[in-house]
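All remarks here apply to the structure that follows.
FYI, it's all coordinate maths here, none of it is from the lab. The structure displayed is predicted, hence computed values, not measured ones. Neighbour counts run over all protein chains shown; Cβ positions are idealised from the backbone, glycine included.
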Amino acid sequence: MVSARAVRGPFTKVSLTAGLGLALLAVAVPAPAYVVTAVTTIPAEEGDDGTRLDASIQAALEDVASHAVAFTPTVVTLLDAKVVGDQIFLFVLLADTEGERMIKVLLQERSRSGRPIEW
């Protein structure tokens, strides 16, 4: 007859090993990477004066970085600007630290493959 102790010994070792393995998997989950593009506008008349234009763009970028996303961006980049009617549309890229890393990986892959990255 098999004793309870004989069965419990191997089962306990397997359970402990499986539990440790699952704990390691739970700890090793990568952090999420946030990369966001946003669009904001400023009045087109701001473009009449270079100093005022720079200040307006800076204020718009700061506004987007502090209000448009729920994470703290470490990268805020103006990608493009288009004048449409009486507005200047500003296309902004925002990313956190992990998002920066992801962008670098994508750019390295693009340079290796020679193909443009489709956003």
Query raised in the report: Does the range 77-85 contain any residue that is out of contact with any Ser or Thr (no Cβ under 7 Å at 6 or more places or on another chain), without any contact (Cβ under 8 Å) to a residue 60 or more places away in the chain, among the charged types (D, E, K, R) and more than 21 Å from Val39 (Cβ to Cβ)?
Result: no
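Quick one: would you say Thr72 is hydroxyl-bearing (Ser, Thr, Tyr), in a loop (DSSP other than H, G, I, E, B) and under 25 Å from Ala60 (Cβ atoms)? Don't jump to the end; show me each part of the working.
Numbers: hydroxyl-bearing (Ser, Thr, Tyr): yes; in a loop (DSSP other than H, G, I, E, B): yes; under 25 Å from Ala60 (Cβ atoms): yes.
In short, yes.
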